[in-house]
Amino acid sequence: MRYKYDYSETQIASLFTVIASVLIIFDIFYAATINIYVVFILGVLLSAMGLNRFYERNVMKHLHVDIINDEVRHYKGESGVLKIRIAQKGIMPILSAELTVIAGNDIKFFSDQALKIRQQTETTAIFTVLSKSETVIEIPYTAVKRGVSYIVDSRISIPRIFGFGYMDLRQIGSAKHEIMIYPDKFAVHNEPIKFKIAQGLFKNNESLYNDPLLTLGNREYMEMDSFRDINWKQSARMGELQSKIYEKTTCTEWLILVNLRSESVFAPPENIERIFEKLSFLTGEIAKEEITYSLIANMKTFDKGSYFRIDELNGLRSYRPVLEALSKIKTVTFTIAFERFLNHVRLYEKVPTHIIFTGETDALIDRELEYFLHRGITIYQLNDKGLERYGKNTGTVKAVSR
């Protein structure tokens, strides 16, 4: 973090400068005899002013401020600590200085001092650092909502140790730091999704490979079966190990389509944050099964001239990039109507075996989704009700009999 000194002369310093200048001029040009005490006070003032200038010029030369934990990840509601290291490698000490930090309101500092009308959080900390030493300031905070929070501004107010007010240092440039808050996958409303996936409520009529999210029933456990294929609840009922029987599919490749536009055209859906939490949980479950999937949102990215996307993820290692992508999606941005977006997917995207789309539908969206149904693609709808099979002929989801 880099800082610039905003020089400002205090009124007291200006007054002393004027008085000293007047006395010196009178003594030189008018041969005025100055009282010895006045001369002593004048000498002290001039010395203090000189030392003050020297301090101002040198205290910043070897002052280094940096953030120790420059990349931090949290789930919503978790607490963290922002650690800022202040090092003085020169000989000038800094005594009782004040550091003010301002960040985005995706987090909230414990001792928040920001005005409520501003979308920021602000706090201050007092520190002292002697010559050739360093100190670490710890600022606690709470992750409030999904998003990415940056330090948007910071200031340091350093007392001039020889008097005459404070030195004000202002941050220039951006701080190389981010606090990313993931959607809360642990939310209570995700439990029904977990139950549906575990019970295998959906079917696919293709038949080459096992689809681990779609189960038909159970059979007696065999040595070649994996432990993760065991249905523990059914095993407890039967008194012996039971393995799940999976549906067959040509391949298992999912496409998740995120709708960031509501019926009121450009505004995001009211439940969009809950949808992100459900997606956070759902992609975690898909990652555990090592299913290949991609995620696309109907949000335009002007740098690439395309839609916001993250492609062909597989396994638990891919889960963090998905959480980061969900954190970075802005809900108030330039979006495309979802029916036009679906048309783009139909024309230009690789055909998956499964599609998950978010939000509600209307006649135009239903017409576009019909194309995918005719292609034999299994479609799920993710909304406030949870994860449900989409299709005019499928109706509501029913549990598979055991």
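The values are calculated or read from the model by the stated rules, or taken from the named source; none is laboratory data. If you're wondering where the values come from, they're calculated on a predicted model, not measured in any experiment. Using ideal geometry, Cβ is built from the backbone for each residue, glycine included, and neighbour counts are taken over all protein chains shown.
Tabulated data for the structure shown
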quantity	calculated
Check on residue 318, outside any loop (DSSP other than H, G, I, E, B), at pLDDT 85 or above and among the small types (Gly, Ala, Ser)	no
Residue under evaluation residue 246, criteria (1) at pLDDT below 85; (2) in a helix (DSSP H, G or I), criterion not met	(2)
Per-region count, segment 249-264, residues surrounded by 17 or more Cβ atoms within 10 Å (Cβ to Cβ) and at pLDDT below 85	4
Which listed residue is among the polar types (S, T, N, Q) and modelled with pLDDT of 85 or more, from 306, 401, 327	327
Scan of segment 114-151 for residues that are loosely packed, with under 12 Cβ neighbours inside 10 Å and touching an Asp or Glu at 6+ places or on another chain (Cβ under 8 Å), ordered by number	126
Residues that are of a type in the set (S, T, N, Q) and modelled with pLDDT of 85 or more, drawn from segment 340-362	343, 358, 361
Residue, modelled with the lowest pLDDT, within segment 177-198, restricted to residues that are closer than 22 Å to residue 114 by Cα and not aliphatic (A, V, I, L, M)	177
All strands (runs of 3 or more DSSP E) inside segment 68-187 with 2 or more residues being within 30 Å of residue 328 (Cβ to Cβ) and more than 15 Å from the chain's Cα centre (by Cα)	79-88, 94-104, 120-129, 133-143, 151-159, 166-172
Near pairs, Cβ below 7 angstrom, 6+ apart or cross-chain, from segment 381-402 (within 17 Å of residue 362 (Cβ to Cβ)) to any residue that is modelled with pLDDT of 80 or more and among the small types (Gly, Ala, Ser)	383/359
Boolean, residue 300 is out of contact with any His (no Cβ under 9 Å at 6 or more places or on another chain) and farther than 21 Å from residue 268 by Cβ	no
